[in-house]
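Taking it in order: structure first as structure tokens, then the write-up.
Any read-out appearing in this document is the output of simple, stated calculations on the displayed coordinates, not a laboratory observation. This structure is a prediction, so every number in the text was calculated from the model and none was measured. Heads up, the Cβs are rebuilt from the backbone with ideal geometry, glycines too, and the neighbour counts pull from every protein chain shown.
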Amino acid sequence: MKDVLLSAKNLTKRFGGLAAVNNVSVDLWRGRIHAVIGPNGAGKSTLTNLLSGDLPLTSGSVQLGDKDVTGWRPEKISAQGLGRSYQKTNIFLPFTVWENVRLAAQSRAPHAASWLSRATKYRAINDRAESAIALSGLNNRKNSIAGTISHGEQRQLEIAMTLATGPQVLLLDEP
């Protein structure tokens, strides 16, 4: 079971009498792309929110790698290697693409960056940002102001920002 990066068993989320997610189990495997499809209101975003810890489970369990992360706070789950994007784009509009991604990479640095130092001196952070920009297909836009790029490119930017944090599992919640 070593190639299963995330395993959810019997997830249920109830809002009063409504079961938005009812007894769902899923395994996300290394090296594979997985998709959850369905009509509006089917519970896809709710499922994503349960897996990431953004919503508490009514019942069930979530395991990330070899750790049971059921009931953990989202930031703690994220630190264990789960990255996610949201339906609403969440970027710094006045910053460049590169600055947005570098800040995301910097959030995972083992030490705090000094506000008095030039950002370009942090090679590992910058290398992680460059790699995420390349993977997301934004090399030709990295010096563009985020607020001036298309909505599709802003979604790519959010993916690059998530990749820059070094996730093992990446959940994309697309509208």
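So the values come out like this:
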quantity	calculated
Other-chain or far-sequence residues with amide H under 5 Å of Asp173's (modelled H)	Ser85, Tyr86
Rounded to whole Hz, the Karplus (6.51, -1.76, 1.60) HN-Hα couplings of segment 21-32, x for glycine and proline	10, 10, 6, 8, 10, 8, 10, 9, 9, 4, x, 10
Charge tally in the Cβ shell below 9 Å around Thr58, where Lys, Arg are +1 and Asp, Glu are -1, Thr58 excluded	+2
Lysine pairs within segment 1-147, Cα separation less than 17 Å, 8 or more sequence positions apart or different chains	6
Order by protection proxy (mean Cβ within 10 Å, highest first), peptides 44-57, 68-81	44-57, 68-81
Magnitude of the charge dipole, the chain, Cβ model with Lys/Arg +1 and Asp/Glu -1, debye to 20	220 debye
0 to 90° range, to nearest 10: angle between helix 97-106 axis and the chain longest Cα axis	70 degrees
³J(HN,Hα), Karplus 6.51/-1.76/1.60, whole Hz, each residue of segment 139-147, x for Gly, Pro	3, 6, 10, 5, 9, 7, 5, 4, x
Within-13-Å neighbourhood charge of Asn23 [Cβ basis; K, R +1; D, E -1]	+3
Tilt relative to the chain, helix 123-135 - C-alpha long axis, 0 to 90 degrees, to 10	60 degrees
Protection proxy ranking of 25-37, 151-163 - average other beta-carbon atoms within 10 Å, highest first	151-163, 25-37
Burial order of peptide ranges 84-93, 130-139 (average beta-carbon count within 10 Å, highest first)	130-139, 84-93
As computed over the chain, the Cα convex hull volume per residue (Å³)	134 Å³
Cα lying deepest toward the dipole's positive end in segment 1-158, options Asn143, Leu11, Tyr86, charges on Cβ	Asn143
Surrounding net charge for Asn49, when Lys and Arg each add one and Asp and Glu each subtract one, Cβ distance under 12 Å	+1
